[in-house]
Amino acid sequence: MARYVDGYVLPVPRKNVGAYRRMAQKAGKVWRKYGALEYFECVGDDLNPKFAGIKFPRTVRAKPGETVVFSFIVFKSRAHRDRVNAKVMKDPSMNDPAYKDKPMPFDMKRMVYGGFKTLVEA
């Protein structure tokens, strides 16, 4: 069965990784609650491999003291993704007043995002 994936790459200050993890753990529970098949948040480990190509830190203009987080959420299809995301955005925990005026633990302006159709599933 071909699946659909939302993918994200974002810079996170190393000092904020713990706060990001706590936020991501809560978000993962909400996405799974509404039907996402899988939810992953991965923190950079080997970000400067020796090969020709653009490295993740460059894609998000990572600054000294920042790492890169690669995240993806798996859905049954694009339509399923759209339904799940609509429910997630209406969930009260996503609009918790306690977090309303708090800054995100990363720079959203440098986040890279996209939806992807599965090409190969092995």
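From the list 105, 57, 49, which one is in a loop (DSSP other than H, G, I, E, B), in contact with a Gly (Cβ under 9 Å, 6 or more places away or on another chain), more than 24 Å from residue 3 (Cβ to Cβ) and not hydroxyl-bearing (Ser, Thr, Tyr)? Spell out how you get there, then give the answer.
Numbers: 57 fails: in a loop (DSSP other than H, G, I, E, B); 49 fails: in contact with a Gly (Cβ under 9 Å, 6 or more places away or on another chain).
None of the others qualify; the one that does is 105.
Among the residues of the stretch 35-47, how many are within 23 Å of residue 82 (Cα to Cα), in contact with a helix residue (DSSP H, G or I) (Cβ under 6 Å, 6 or more places away or on another chain) and surrounded by fewer than 16 Cβ atoms within 10 Å (Cβ to Cβ)?
1
Can you run down the residue pairs with Cβ atoms below 8 Å, 6 or more apart or on separate chains, where the first is in the stretch 98-122 and within 21 Å of residue 67 (Cβ to Cβ) and the partner is among the aromatic types (Phe, Trp, Tyr) and modelled with pLDDT of 90 or more?
Within 8 Å, the pairs are 105/20; 106/20; 111/8; 112/8; 113/8.
For the stretch 113-122, which residues satisfy the criterion of being exposed (fewer than 14 other Cβ atoms within 10 Å of the Cβ), not in a loop (DSSP other than H, G, I, E, B) and not aromatic (Phe, Trp, Tyr)?
114, 117, listed by residue number.
In the stretch 28-45, is there at least one residue being part of a helix (DSSP H, G or I), modelled with pLDDT of 95 or more and among the hydrophobic types (A, V, I, L, M, F, W, C)?
Let us first name the residues in the stretch 28-45 that are part of a helix (DSSP H, G or I), namely 28-33.
This time we only want the ones that are modelled with pLDDT of 95 or more, so: 28-33.
Next, from what is left, pick out any that are among the hydrophobic types (A, V, I, L, M, F, W, C): 30-31.
Yes, the stretch 28-45 has at least one match.
Go through the stretch 6-25 and count every residue that is charged (D, E, K, R) and exposed (fewer than 14 other Cβ atoms within 10 Å of the Cβ).
3
Just for the stretch 1-27: of the residues that are part of a helix (DSSP H, G or I) and in contact with a Pro (Cβ under 7 Å, 6 or more places away or on another chain), which one is nearest to residue 84 (Cα to Cα)? Don't jump to the end; show me each part of the working.
Residues of the stretch 1-27 that are part of a helix (DSSP H, G or I), as a first pass: 14-27.
Now restrict to residues that are in contact with a Pro (Cβ under 7 Å, 6 or more places away or on another chain): 16, 19-20, 23.
Numbers: 16: 28, 19: 25, 20: 22, 23: 19 Å.
Out of the qualifying residues, it is 23.
Considering only residues of the stretch 48-100 that are over 16 Å from residue 8 (Cα atoms) and among the small types (Gly, Ala, Ser), which is surrounded by the most Cβ atoms within 10 Å (Cβ to Cβ)?
77
The values are calculated or read from the model by the stated rules, or taken from the named source; none is laboratory data. Since we're looking at a predicted model, the values are computed, not measured. Because the Cβ atoms are built from the backbone with ideal geometry, glycine has one as well, and the counts that use them run over all protein chains shown.
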